[in-house]
Structure formats: structure tokens, C-alpha cells
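Below is one structure, written out as C-alpha cells; comments come after it.
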Amino acid sequence: MMRKIHFISGLPRSGSTLLSAILRQNPAFDAAMSSPVGTIFNACLTAMGPENEFSVFLTEQHKRDILMATFDAYYRDRGPDRLVFDTNRMWTSRLPALLQLFPGAKVICCVRNPGWVLDSVESLIRRNAFDVSRMFSNPAERSSVYARAEALLGRNRMIGSALTALKEAYWGNEAGALLLVDYDLLTARPQETMKLIYQFIGEPWFAHDFEHVEYQAEEFDTQMMAPGLHTVRGRVEYRSRRSILPPELFRQFADLAFWSSRNNTLAHHIVSEPLPAVPPPSPAV
């Protein structure tokens, strides 16, 4: 049985793959992009629920053992002494169950101004202009940046589901297990940010190489028709650029950054002051 596990969650396009790429430099850690464990975890919960007429034969201990076995089976080949970071945006919606299974677990939540989250998704779509992304269900959703934004913000979609799950955890009784890490700070001040993360999880510091951080998941990205979705390569640094979104759409999404209010939450933060809700102006021509 695996001895130690923490989780990486939060918003899409906010640094979870970058964080995993940095963490995996430590030989004592195991980290990667989103694993299938979260999906299997949810499927097991559903299969053990009232939709299954035979669920009456399952005790509370049966359920715990089955869910724990999911983690054990997937990570068994990593060895019991490795500290695992499992990544999935839905973990924040399962925080009570996770902390009952793993009482000492922490959840690192990668966050970013939601205007820049949408901008990052849109930039990726436009970069792969000849591919039809599987992030959208039909031609109507793909028809314009406004249609794509509306689709992504749906309660069960890429950005909307992550936001609502994070909100649930942020104000819940288990919020003390959360650490919100701002993407801009991770890229601008990686060593300071990582040292704070190490303090939060109670692990000895490892000297990371922030000049050469590498990670890719070509097979998965190709399947999603989104090449480069999980590619990290080179130096960790903050790169300033203008937004490609219409200004009113950027503002609409930027206003969703609820974590700027830290009232009535037990969550921990490594975040900067709220950024202006208006994207930087276009450079002079």
C-alpha cells in the first residue's frame, strides 16, 4: 500500500503541468499530468451507490477498501517510499472523501486570473488552426471565441467545472488542506514559490533546476487534437504578452477570480495582489 500521497488540482492552464514537471525532478517524488485515477474514483463511487441494486451488500469499509485499491493498483509500480502527487481538477470536489482516506494529504491548487486561463486555451486553439479540438462538442460551440468561452464555462466543462469544484473546497470545512498557488508567482519567482510549497507539505528542500524543466504528453495531446496542451520545455520564467481576447470577454472571466477574497476560508495562499481586470494594451504599430 502506498505510504504518502498529495494532490494537485485547481484551474486548467494554470500551471499544474509545470508544477508536476518541477516536482518530478525530485527523485523522491512522483508527479505527472492528470491521471485516470480521478475518473476511476468517481466511477467506483457511482457503482457503489443507489443506482446499483447490490450496493446494499457494501459496508463503509468495503467502499474505503475499493477506493484505496484504485490508488494502490495505479501507483504500485512506483514503490511504497515514493511521495505521489496525483493530479486531477475534480479532486477539490472530493475533498471530504480524500481526507478520510488520506488524513495527512494536502491539495495544491493551481490558480490564475481566469481571463488568462481562457486566453491560454484560445491561444492554443488558434495555434492549431487546422485541428478540430475535442474540447468542444459541436460546430456551434466552436463557431467563435464567444461561443467557445460560453461552452468552457459550463458547469460540467473544462473551466466551469474546475471553478465550481474549487469554490466548494475553498469555503468548506476541509479548506485547511488547500494551498492556492498563483501561476504568475510560480513562473516569476519559482524557487521562492517552491520552497513555500515544500514547507506546506512538510518535505525537505530539493535543489530544483529551473533552467531546464521538461515534460510532455504527446499521445494524450494528439488524441485531444490539441498538440502542445501538456508540453513544458526550458526555463521557468514569467513572459508578459497582450491578451488576444476581446476586452469585455477578458473582463468577464477575470471577475471570476473569487480567491482574491480570503474571508471565511481556512485555505492557504501563495498568490499576488489581484491583477487589473483589463488586459494589457496592444503594442504600438
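Nothing in this text is a laboratory measurement; each read-out follows from the coordinates by a stated rule. Since the model is a prediction, treat every value here as computed from it, not as a measurement. Ideal geometry is used to build each Cβ from the backbone, glycine not excepted, and the neighbour counts take in all protein chains shown.
Just checking, how many residues over the range 137-152 are surrounded by fewer than 19 Cβ atoms within 10 Å (Cβ to Cβ) and hydrophobic (A, V, I, L, M, F, W, C)?
Of the residues in that region, 3 qualify.
Rundown of residues vs (1) in contact (Cβ under 8 Å) with a residue 24 or more places away in the chain; (2) surrounded by 23 or more Cβ atoms within 10 Å (Cβ to Cβ); (3) polar (S, T, N, Q); (4) touching a strand residue (DSSP E or B) at 6+ places or on another chain (Cβ under 7 Å), yes/no style:
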position	(1), (2), (3), (4)
Arg24	yes, no, no, yes
Pro27	no, no, no, no
Asn42	yes, no, yes, no
Ala47	no, no, no, no
Asn52	no, no, yes, no
Asp65	no, no, no, no
Arg78	yes, no, no, yes
Arg94	yes, no, no, no
Pro103	no, no, no, no
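Got a sec? Which helices (runs of 4 or more DSSP H) wholly within the range 132-218 have at least 1 residues that are under 18 Å from the mean Cα position of the chain (by Cα), in contact (Cβ under 8 Å) with a residue 12 or more places away in the chain and more than 13 Å from Leu19 (Cα to Cα)?
Output list reads 145-152, 158-170, 190-201.
For the range 106-125: of the residues being crowded, with 20+ Cβ neighbours inside 10 Å and farther than 20 Å from Thr187 by Cβ, which is farthest from the chain's Cα centre (by Cα)? Break it down stepwise before answering.
Applying the first criterion (crowded, with 20+ Cβ neighbours inside 10 Å) to the range 106-125 yields 106-119, 121.
Checking which are farther than 20 Å from Thr187 by Cβ leaves us with 106-107.
Working: Lys106: 14, Val107: 10 Å.
Out of the qualifying residues, it is Lys106.
Could you list all residues from the range 29-64 that are among the polar types (S, T, N, Q) and within 21 Å of Tyr75 (Cβ to Cβ)?
Passing the criteria: Ser34, Ser35, Thr39, Asn42.
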